[in-house]
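Let me begin by presenting the structure, written as structure tokens, before commenting on it.
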Amino acid sequence: MEPLAGKKSRTNTVMPIVLGTVLLVGAVIGGSAYFHSLRYAETDDAQIDGDISPVSARVGGFVKTVRFIDNQQVNAGDTLLTLEDDDYRIRLEQAESAQEVAVANALLSHENVASSRANIPPAESNIEAAQARLWKAEEDLKRFETLLKNGALSQDKFDAAKAEKDEAEAQLAGLQGQRGATEKLVSVAEKQVGGALAKIHQAEADVAYAKQQLSYTVVLAPASGIISNRAVQVGQNVAAGSPLFCIVDNRNLYVTANFKETQMHRIRPGQEVTITVDAFPATPLKGLVGSVSGATGAKFSLLQPDNATGNFVKVVQRMPVRISIAALADLQNLIRPGMSVTASVRIK
């Protein structure tokens, strides 16, 4: 058996070595972390982000066909879904029929204007003839009046000449009234033309609206990406505004990193960033600081903290920073928005 004194001696020798090793390793790790913090601003409160386009029904109806499957890659402009369009085609036909009626009424109004204007020249000619007759009757009356004073004309002939003058005046007044009535008819017909043209414009707008509504029965992809969050099936009755699915743009991804406000004095747009995706730690990505949010994340939350109540506990705020990804390389079809990452901004 080994003496007790020998065991104590060995223990006294090993313990300092172990403690020294632990202290050395701690110093190396701590020193490495310290020197790393001098050159980099790092956060693991970050994730992959991308544009997500929600697609909703613009008109209501029963779903006729669904031309995609879940998580399918699509391109902008692809036909993804169609609705039953019989009702919308009937409305278009009704609008086109109303447009034809409006055009026909406008043509009729133009013809009324033309026919009314055609009555003006004869009326003018009749007025001129009546004016000439009146002038002759007035001249004859003047001569007969002289002859009557000289006794060379009988009273009967003078009275006949006066009656002729009065009749000519009445005829002229009647013709002038007819011309005024004809001019009013022309004015009314012209106003009817204006109303008919307005109805044509209204009918054209109705046709355009009906065509637009009909086009909305075909749902196109607004952007390229992956279809997700599908909420529609064939035969389903959807209302205008109902969400159908989302398209996730997986080609223009970026990182949203929430840095502490105490780190922001060292972060500037254009700085290089190393991005490590948690799901693929062996394939780091390169990026650049793009922009900084206009406010902290807390200011955009549903329930914002109110520091004016008196119960104030200071909490370090987070500033969202957008980081562009230089190239996805092998991770092009693997990473998705929402994946967690660690972002290290090179500040020196």
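The values are calculated or read from the model by the stated rules, or taken from the named source; none is laboratory data. The model shown is predicted, which means the values in this text are computed figures rather than measured ones. FYI the Cβ positions are ideal-geometry reconstructions off the backbone, even for glycines, and counts take in every protein chain you see.
Let's see how each residue does on (1) touching a residue at least 60 places away in the same chain (Cβ under 8 Å); (2) surrounded by 20 or more Cβ atoms within 10 Å (Cβ to Cβ); (3) assigned to a helix (DSSP H, G or I):
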residue	(1), (2), (3)
211	yes, no, yes
214	yes, no, yes
223	yes, no, no
227	yes, yes, no
231	no, no, no
235	yes, no, no
241	yes, no, no
250	yes, yes, no
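Considering (1) assigned by TED's automatic domain parsing to the domain that holds residue 66; (2) farther than 30 Å from residue 58 by Cβ, say which one residue 237 fails and leave the rest.
Evaluating residue 237 over (1) assigned by TED's automatic domain parsing to the domain that holds residue 66; (2) farther than 30 Å from residue 58 by Cβ leaves (2) as the failure.
Tell me, please, whether a residue that is closer than 26 Å to residue 245 by Cα and hydrophobic (A, V, I, L, M, F, W, C) can be found in segment 91-102. Full working, then the answer.
Quick first cut of segment 91-102, residues closer than 26 Å to residue 245 by Cα only: none.
No.
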